[in-house]
Structures are given as structure tokens and as C-alpha cells.
Amino acid sequence: MRGMSTKDKIDITALDQYLDLKENGFEFEGYSYLFWEYIRILKDVKPKYFLLENVKMAEKWKRIITNALGVSPILINSELVSAQSRERLYWTNIPDITQPKDKHIYIDDIIENNIVHTYLPRTRLDYTNYDKSKVNKCIFKNTATQIGNSKKFGNAVRSNGKAFTLRRINPNGIIDENYNIREFTPIEVERLQTLPDNYTLIDGIKKKERYEACGNGWTVDVIVHILKHLNK
């Protein structure tokens, strides 16, 4: 979110500039500089096809990435193929990418049944700026909330039956008919990313790490949709 820059606040706008700064020992802010490593490898390897994904961003950085790659991005929301609202930009030279067809998948469709859920200690009504009239009281229907980083919950509640974008940390939650909040289970999070159940269940992997893996990943069925265009 800070763009591609050094810790000295020098904006990086071209590969040659990045390589020069790197050679001269400059330190980079965050991880966005890895984009230029991507460009470096792309130029060295010269693959027939490439694909790069990123979050929505300031127009300045979107334009810089577009110029470096030589193609414009397509904005695809994962909600078309999953129960998760997740807008992402995809840059690729695979031709004629279209929007996926809406599969009409909602939170109800990915709920893990017949298990005991642990609810968070306070209900959504304990927080300010919350209008319970906006929540459909059908169990788990149209009721997703975003868990924030400051031990609070997002003020908005989705009204379209979709989960908020999965985060690497602090996975989002759902509200039941009594406005109690619980986290998604690891399997539900996998389903939100259109992964097979227990795909991230590996010996030694903690639940938090399963959330992080899913939150850092792509929505599989979006990538499947993009790659299908290679058949053309």
C-alpha cells in the first residue's frame, strides 16, 4: 500500500532504476519492490505467457506496472466463482480474458455443518455504528463481517451473502441469527478460495498458518478461468 519505494522514500518507477538502487545498497520499503524482481526474471526467462496479480491500488502504481508489463489489467472479483468478495487486478498476455460467469455461490454454500463452533466473547451488537436491521436473520445467510486489526470489527456487514476478502492475518467471521460472531473454520476458508477441503491440513501446520496460506493465495477458480483461455 506504500507503493514501490526505498526506505529513503525514493519511488521506483523502472527496472533499470531498481537495479541501480539495489546495486548501491539501498533498502526497500515493504515487499512491493519484488515486482521489479518479477520484471527482471520475466526479461531473463522470456516465457511465452505470464500472469501477475495484485490488489486494487493508486492509479500511479497501476500505470507503472502496466507500462512495465506492456498489458492492461483486468479486474475480476472472486465473488463470481466463490462465496468471497475479493477484487483483484490480473495482468497477463494470455489473450481475450473475459469475466467468469457468476456461479451464485454464497456463504450458506460453504458452511461446515455438524461441528461445534467457538463464538467470540462479544456479539456484533456490542460495537458502534451497527444497524441490526441490515442483517438478514437467516442463519449464516447474508451475514459476514470483517475482523479488523485493532480488536474491533468492521462497521459494515455484507448484504449480498458474500464473505469479505480473506486476510493473511485475522480471518473474517460470520454472524448467526442471534448476532453472535465466530471465525470461519479452516475448511470454510479453503472453500472461500475454492480449494479442496483440508488442502492446507499438513502435519505441523497450525490453524493460523492455514488461514495465512489461504489469505496469501489466489482464488483457484479465477486462475482456472484465466488459464482456460490458453485453449483458444
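The values are calculated or read from the model by the stated rules, or taken from the named source; none is laboratory data. From a predicted model like this one, the values you see are computed outputs, not experimental measurements. Every residue, glycine among them, receives a Cβ derived from its backbone with ideal geometry; neighbour counts consider all protein chains shown.
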Scan of segment 54-90 for residues that are under 20 Å from Val189 (Cα atoms) and of a type in the set (Asp, Glu), ordered by number: Glu79, Glu87
Pair list, Cβ < 6 Å and 6+ apart or interchain, from segment 36-47 residues that are touching a residue at least 24 places away in the same chain (Cβ under 8 Å) to residues that are part of a helix (DSSP H, G or I) and surrounded by 14 or more Cβ atoms within 10 Å (Cβ to Cβ): Trp36/Leu15; Trp36/Tyr18; Ile39/Leu15; Ile39/Ala68
Sole residue being in contact with a His (Cβ under 9 Å, 6 or more places away or on another chain) and either under 27 Å from Asn114 (Cα atoms) or modelled with pLDDT of 90 or more (or both), chosen from Thr200, Thr185, Thr219: Thr185
Checking Glu177 against (1) of a type in the set (Asp, Glu); (2) assigned to a loop (DSSP other than H, G, I, E, B); (3) modelled with pLDDT of 90 or more, the condition it does not meet: (3)
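Filter segment 50-78 for residues that are touching a residue at least 60 places away in the same chain (Cβ under 8 Å), outside any helix (DSSP H, G or I) and in contact with a helix residue (DSSP H, G or I) (Cβ under 7 Å, 6 or more places away or on another chain) and give the result. Talk me through it step by step, then tell me what you get.
Here is the first cut: in segment 50-78, the ones touching a residue at least 60 places away in the same chain (Cβ under 8 Å) are 51, 53, 64, 76, 78.
Adding the requirement that they be outside any helix (DSSP H, G or I) leaves 51, 53, 76.
Within segment 50-78, Leu51, Ile76 meet the criteria.
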Residues satisfying the stated conditions in segment 183-216, i.e. under 17 Å from the mean Cα position of the chain (by Cα) and surrounded by fewer than 17 Cβ atoms within 10 Å (Cβ to Cβ): Lys208, Glu209, Asn216
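Confirm whether Val116 is assigned to a loop (DSSP other than H, G, I, E, B), free of Cβ contacts under 8 Å to residues at least 60 places away in the same chain, assigned by TED's automatic domain parsing to the domain that holds Pro186 and over 19 Å from Asn216 (Cα atoms). Walk me through how you get there before you give the answer.
Working: assigned to a loop (DSSP other than H, G, I, E, B): yes; free of Cβ contacts under 8 Å to residues at least 60 places away in the same chain: yes; assigned by TED's automatic domain parsing to the domain that holds Pro186: yes; over 19 Å from Asn216 (Cα atoms): yes.
So Val116 fits the description; yes.
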In segment 27-40, residue surrounded by the most Cβ atoms within 10 Å (Cβ to Cβ) [restricted to those that are in contact with a helix residue (DSSP H, G or I) (Cβ under 9 Å, 6 or more places away or on another chain) and over 15 Å from Asn93 (Cβ atoms)]: Trp36
Looking only at segment 1-26, and only at residues there that are in a loop (DSSP other than H, G, I, E, B) and hydrophobic (A, V, I, L, M, F, W, C), the one that is nearest to Arg88 (Cα to Cα): Met1
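Would you check which residues across segment 41-56 are at negative phi and exposed (fewer than 15 other Cβ atoms within 10 Å of the Cβ) and list them? Walk me through how you get there before you give the answer.
Kept after step one, since they are at negative phi, are these residues of segment 41-56: 41-45, 47-56.
Selection gives Ile41, Lys43, Asp44, Val45, Pro47, Lys48, Tyr49, Val55, Lys56.
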First in segment 207-232 and over 15 Å from Ile187 (Cβ atoms), second anywhere and loosely packed, with under 13 Cβ neighbours inside 10 Å and among the polar types (S, T, N, Q), Cβ under 8 Å, 6 or more apart: His229/Thr98
